[in-house]
Amino acid sequence: MIERIPVEGDYGRPAEPAWRNTDWSARERDALIRGRRLRYLDTGHGDRTFVLVHGMGGRWQHWLEAIPTLAKQGRVLALDLPGFGQSESPAAGASLDGFADAAAEVVTSLGIERAVFVGHSMGGPIALRFAARHPELAEGIVLVAGAVFQFSEVLGLRGVARFARERPRETAAIAMEIATAGLPAPASLRRLVVRSPALRRVFLSPYVLDPPALPADTAALIVDGAGARGVFPTVRAIGRSDPRQGLADVRCPLLSLAAEHDRIAPLADTEALDAELSGARTVVLEGSGHMPMLERPTAFNAQLVRFAEELG
C-alpha cells in the first residue's frame, strides 16, 4: 500500500528558516573511529535519538531543513560519513558495512541504546546494513529516496549495457550524479552555479525537480558537497557489493519515503525494494525530486515526526 502526500506550499520554501541564523559550528563534534576523525552534529535533547546519514557526495548539512524539527522531538546526530564533508577517509577503505559500523560506533560511544536511523539515497542501503548488523541499536529505519540498488548494476558493470538500453534516463542520472558529486569544483564555480539558473539546471537536474526554483542557500547546500574525496572509493565499493545483503535480517519498523519525480531512485524501484522488506510502509511525496528534505521540507518533516510518534 502506497500513500501519496499532495504538494503543499511553494517548492523549496523553508520549513525552518531559523537554521539560517544558527551557529551550527558550535554543535559540531569529532569522534575517533578506528583511528580516523569522523565529524558529526549533535543537537537536541530527549529520550529518542535520530541518526541522519547523507547520500553520495553529501554531508551533514543536507539535513538542515529537518534538524530543527527533529531536535524538538529528541536528540539529533547528523553524520559526515567517512571520506565526506569534514570526516577523514576510512583506513580500511570505503564499504557500506564500514559506514554502518562507523555510525554504530558513534551511537554507542555516546551511550545511546537505540536510535531511529534516517538514510538518504546511498544512506538508505547503509541504514539497512545498520539495522541488519546492529539490530539492538535500531529502533526504526527511514529510507529517503533509498531505492538506489540499480547503482550496483551500473557501477559494477554487471549488465550495464542492458541496463543502459532499458533505462537510459536512470543511467544518465546516475552518471551525472557521480560526475557532479565526485569531481572537485573550485569555489568560484560553485558560487556561479548557485547564482545562475541555467547552470543550476545542468548541475542539479539529477537531484531536484526544479533547480532554479530552490532558494540560493538551499542550492548552495547541495553544490558545496561536490568533490568529496570519498565519492570514487565509495563508487567502487558499491560496484563490488551485493545491494540486497542483509535485507532479510531487518526486523525493526521501517518507513520508505519516496519522491514522485525521483530520477535516481524511481518509484518502480522503491516498490520493488519495499516488496522485499517485511512491514515497510511507503509514502510518496509529490512534487519532489531526489532530495525531498530540501525540496518539500514541510511535508518531509511531517512524515518523520509521524513515524516517530508511531514508534511510541
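The values are calculated or read from the model by the stated rules, or taken from the named source; none is laboratory data. Remember, predicted model here, so these are calculated numbers, not experimental data. Quick reminder, even Gly has a Cβ in these numbers, built from the backbone with ideal geometry, and neighbours come from all protein chains shown.
Here the stretch 199-228 is the region considered, the condition is being within 17 Å of the chain's Cα centre (by Cα) and among the β-branched types (Val, Ile, Thr), and the residue that is modelled with the lowest pLDDT is VAL223. I'd like the full set of residues that are closer than 21 Å to VAL144 by Cα and not in a loop (DSSP other than H, G, I, E, B), limited to the stretch 240-256. Selection gives LEU247, ALA248, ASP249, LEU254, LEU255, SER256.
Could you tell me whether any residue of the stretch 282-291 is assigned to a strand (DSSP E or B), crowded, with 16+ Cβ neighbours inside 10 Å and among the small types (Gly, Ala, Ser)? For the stretch 282-291, residues assigned to a strand (DSSP E or B), crowded, with 16+ Cβ neighbours inside 10 Å and among the small types (Gly, Ala, Ser): absent.
So for the stretch 208-231 (the condition being among the hydrophobic types (A, V, I, L, M, F, W, C) and without any contact (Cβ under 8 Å) to a residue 24 or more places away in the chain), does at least one residue qualify? Yes, the conditions are met somewhere in the stretch 208-231. Only one entry in THR218, THR234 is at negative phi, touching a Pro at 6+ places or on another chain (Cβ under 8 Å) and not in a loop (DSSP other than H, G, I, E, B), namely THR218.
For (1) modelled with pLDDT of 95 or more; (2) closer than 17 Å to GLY123 by Cα, each residue gets a yes or a no:
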{"residue": "LEU52", "(1), (2)": "yes, yes"}
{"residue": "GLY57", "(1), (2)": "no, yes"}
{"residue": "GLN61", "(1), (2)": "yes, yes"}
{"residue": "ALA66", "(1), (2)": "yes, yes"}
{"residue": "LYS72", "(1), (2)": "yes, no"}
{"residue": "LEU79", "(1), (2)": "yes, yes"}
{"residue": "PRO90", "(1), (2)": "no, yes"}
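Close Cβ contacts (under 6 Å, 6 or more residues apart or on different chains) running from residues in the stretch 234-254 that are of a type in the set (S, T, N, Q) to residues that are crowded, with 18+ Cβ neighbours inside 10 Å comprise THR234/ALA94; SER241/LEU96. Hey, can you tell me all the residues within the stretch 292-307 that are part of a helix (DSSP H, G or I) and of a type outside the set (S, T, N, Q)? Listed by number, the residues that qualify are PRO292, MET293, LEU294, GLU295, PRO297, ALA299, PHE300, ALA302, LEU304, VAL305, ARG306, PHE307. Checked against (1) modelled with pLDDT of 95 or more; (2) among the hydroxyl-bearing types (Ser, Thr, Tyr); (3) over 19 Å from SER121 (Cβ atoms), THR22 passes all but condition (1). Of the listed requirements (1) in contact (Cβ under 8 Å) with a residue 60 or more places away in the chain; (2) of a type outside the set (Gly, Ala, Ser); (3) within 30 Å of VAL235 (Cβ to Cβ), ARG20 misses just one: (3).
The criterion of being in a loop (DSSP other than H, G, I, E, B) and more than 16 Å from the chain's Cα centre (by Cα) does not hold for ASP269. Comparison of SER152, SER196 shows that the only residue that is at pLDDT below 80, polar (S, T, N, Q) and more than 26 Å from VAL107 (Cβ to Cβ) is SER152.
Kindly check whether there is at least one residue in the stretch 262-271 that is crowded, with 22+ Cβ neighbours inside 10 Å and either in contact with a helix residue (DSSP H, G or I) (Cβ under 6 Å, 6 or more places away or on another chain) or under 25 Å from PRO82 (Cβ atoms) (or both). Checked against the condition, which is being crowded, with 22+ Cβ neighbours inside 10 Å and either in contact with a helix residue (DSSP H, G or I) (Cβ under 6 Å, 6 or more places away or on another chain) or under 25 Å from PRO82 (Cβ atoms) (or both), the stretch 262-271 yields at least one hit. Among the residues making up the stretch 206-215, a single one is assigned to a helix (DSSP H, G or I) and under 21 Å from PRO266 (Cβ atoms): PRO211. Has the stretch 92-99 got any residue that is touching a residue at least 40 places away in the same chain (Cβ under 8 Å) and at positive phi? Yes: one or more hits.
Could you please let me know if ALA228 is among the aliphatic types (A, V, I, L, M), assigned to a loop (DSSP other than H, G, I, E, B) and more than 16 Å from LEU143 (Cβ to Cβ)? Can you show your working first?
On the way: among the aliphatic types (A, V, I, L, M): yes; assigned to a loop (DSSP other than H, G, I, E, B): yes; more than 16 Å from LEU143 (Cβ to Cβ): yes.
When the stated conditions are applied, ALA228 passes them.
Of the residues ALA185, ALA173, ALA161, ALA102, which is modelled with pLDDT of 65 or more and outside any loop (DSSP other than H, G, I, E, B)?
Details: ALA185 fails: outside any loop (DSSP other than H, G, I, E, B); ALA173 fails: modelled with pLDDT of 65 or more; ALA161 fails: modelled with pLDDT of 65 or more.
So the residue among ALA185, ALA173, ALA161, ALA102 that is modelled with pLDDT of 65 or more and outside any loop (DSSP other than H, G, I, E, B) is ALA102.
Can you name the condition, by its number, that LEU110 falls short on among (1) within 16 Å of PHE50 (Cβ to Cβ); (2) surrounded by 18 or more Cβ atoms within 10 Å (Cβ to Cβ)? Unmet for LEU110, out of (1) within 16 Å of PHE50 (Cβ to Cβ); (2) surrounded by 18 or more Cβ atoms within 10 Å (Cβ to Cβ): (2). Listed conditions (1) under 23 Å from PRO14 (Cα atoms); (2) modelled with pLDDT of 95 or more are all met by THR298, apart from (2).
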